[in-house]
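Chemist: Below: one structure in structure tokens.
The values are calculated or read from the model by the stated rules, or taken from the named source; none is laboratory data. The shown structure was predicted, so the numbers you read here are calculated from the model rather than taken from an experiment. Note: areas computed on protein heavy atoms with side chains; ligands, DNA, RNA excluded. Shrake-Rupley method; radii C 1.70, N 1.55, O 1.52, S 1.80 Å.
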Amino acid sequence: MDPIEARRRLEELQADLDRSAATLTAEGAGTGSELSSMDQHPADAGTDLQDADRQVAVLEAISDQRRQVVEALTRLDGGTYGTCVDCGGRLPEERLDARPEAARCLTCQARVEGSR
Ligand SMILES: [Zn+2]
């Protein structure tokens, strides 16, 4: 992928993730924006607790993906973008197209996920 295009996609993704996180946080129980305070003060009703749990899980997924996007931007700066961080092989174009923040080829990714 063209590095300029890759950077544009990554920065767009990062902005999207920030927006999603901000929206989710704003929709929270209204006890403040810090996640830790949600653990200590679950919302009044039991049904809201489930919502809060799900919200925390979604926020974690967002921050995880955001970290991957930031790392991809760092690799872009370092000139190693588009290569697998484990084996150094080129990432297939269609993989980068689907996941511009991808750090590993499918083989290495499967190994990492399998070892979890
Ligand atoms: Zn690899």
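Chemist: Please work out the C-alpha center-to-center distance from the range 77-97 to the range 1-22 and express it in whole Å.
Modeler: 17
Chemist: Let me ask you something else. Using the C-alpha atoms of the range 45-116, what convex hull volume per residue, in cubic angstrom, is computed?
Modeler: Working: hull volume 7.2 nm³, N = 72.
Hull volume over Cα atoms, normalised by residue count, gives 100 Å³.
Chemist: Follow-up question, since we're still on this one. What order do Glu12, Glu71 take when sorted by accessible area (1.4 Å probe), most exposed first? Intermediate results must be reported in sequence, preceding the final value.
Modeler: Working: Glu12 100, Glu71 80 Å².
I get Glu12, Glu71, largest accessible area first.
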